Amino acid sequence: MGAVVASLSTFPNFAGYFVAGSVLIALFLLCYVNLTPHREIALIRAGNNAAATALAGGLLGFVIPLASVIAHSAALIDVVVWGIVALLIQLAGFAAARLLIPGLPRAVEAGRTSDAIFLAALSLALGLLDAACMAG
């Protein structure tokens, strides 16, 4: 019983980080789906695999550095600050992808998975790079 109590002694920290991470994920999704000219959620509900691929890539590209900063942070404020940095990098990545592929939103709406895979890969690459930079 003592081991369980000792193990649960860090639960308040877990809860704080989990809530902060969840709020940042919700904020990311809110910003991302409002930045993109296409409506990902409606497209996903309609069975559009390209929209699901693009949004999943963006989400994972955001969560990877968020998880890294949670694992390496000294304080909850670090998670908030670096989480916002990760959010801005992902939004900038989408803007850069639109410059490279001007018709990207229409391609996703049309279900062109090649464009969505590129966007998802770019988002993941940015997330991995972001996580590595935050850790060092």
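The number of residues in segment 74-114 being free of Cβ contacts under 8 Å to residues at least 12 places away in the same chain and within 24 Å of Gly16 (Cα to Cα) comes to 6.
Considering Gly47, Gly2, the condition of being surrounded by fewer than 13 Cβ atoms within 10 Å (Cβ to Cβ), modelled with pLDDT under 95 and not basic (Lys, Arg) is satisfied by Gly2 alone. Within the set Ala56, Ala116, Ala74, Ala120, the sole residue that is out of contact with any Ser or Thr (no Cβ under 7 Å at 6 or more places or on another chain) and either at pLDDT 95 or above or at positive phi (or both) turns out to be Ala56.
Please determine whether any residue of segment 13-29 is buried (at least 20 other Cβ atoms within 10 Å of the Cβ), without any contact (Cβ under 8 Å) to a residue 40 or more places away in the chain and under 27 Å from Leu119 (Cα atoms).
So in segment 13-29, the residues buried (at least 20 other Cβ atoms within 10 Å of the Cβ) come out as 24, 28.
Pick out the ones that are also without any contact (Cβ under 8 Å) to a residue 40 or more places away in the chain and you get none.
Within segment 13-29, none of the residues are buried (at least 20 other Cβ atoms within 10 Å of the Cβ), without any contact (Cβ under 8 Å) to a residue 40 or more places away in the chain and under 27 Å from Leu119 (Cα atoms).
Check Gly47 against each of (1) over 12 Å from the mean Cα position of the chain (by Cα); (2) farther than 16 Å from Leu104 by Cβ; (3) of a type outside the set (S, T, N, Q); (4) in a helix (DSSP H, G or I) and name the one condition it does not meet. Of everything listed in (1) over 12 Å from the mean Cα position of the chain (by Cα); (2) farther than 16 Å from Leu104 by Cβ; (3) of a type outside the set (S, T, N, Q); (4) in a helix (DSSP H, G or I), Gly47 misses just condition (4). Which residues, taken from segment 101-136, are over 23 Å from Ile64 (Cβ atoms) and within 19 Å of the chain's Cα centre (by Cα)? Within segment 101-136, Pro105 is the sole residue that qualifies.
The requirement of being more than 16 Å from the chain's Cα centre (by Cα), more than 17 Å from Ala20 (Cβ to Cβ) and either surrounded by fewer than 16 Cβ atoms within 10 Å (Cβ to Cβ) or hydrophobic (A, V, I, L, M, F, W, C) (or both) is fulfilled somewhere in segment 50-66, by at least one residue. Under the condition of being touching a helix residue (DSSP H, G or I) at 6+ places or on another chain (Cβ under 8 Å), part of a helix (DSSP H, G or I) and β-branched (Val, Ile, Thr), the residues counted in segment 1-44 number 4. From the list Leu119, Leu35, the lone residue that is surrounded by fewer than 15 Cβ atoms within 10 Å (Cβ to Cβ), of a type outside the set (Val, Ile, Thr) and over 30 Å from Pro12 (Cα atoms) is Leu35. Looking across segment 69-92, the residues that are assigned to a helix (DSSP H, G or I), aliphatic (A, V, I, L, M) and under 21 Å from Asn13 (Cβ atoms) come down to Val69, Ile70, Ala71, Leu76, Ile77, Val79, Val80, Val81, Ile84, Ala86.
The values are calculated or read from the model by the stated rules, or taken from the named source; none is laboratory data. Keep in mind that this is a model prediction, so the values were computed, not measured. Neighbour counts are summed over all protein chains in view; Cβ atoms, including those assigned to glycine, are modelled from backbone coordinates with ideal geometry.
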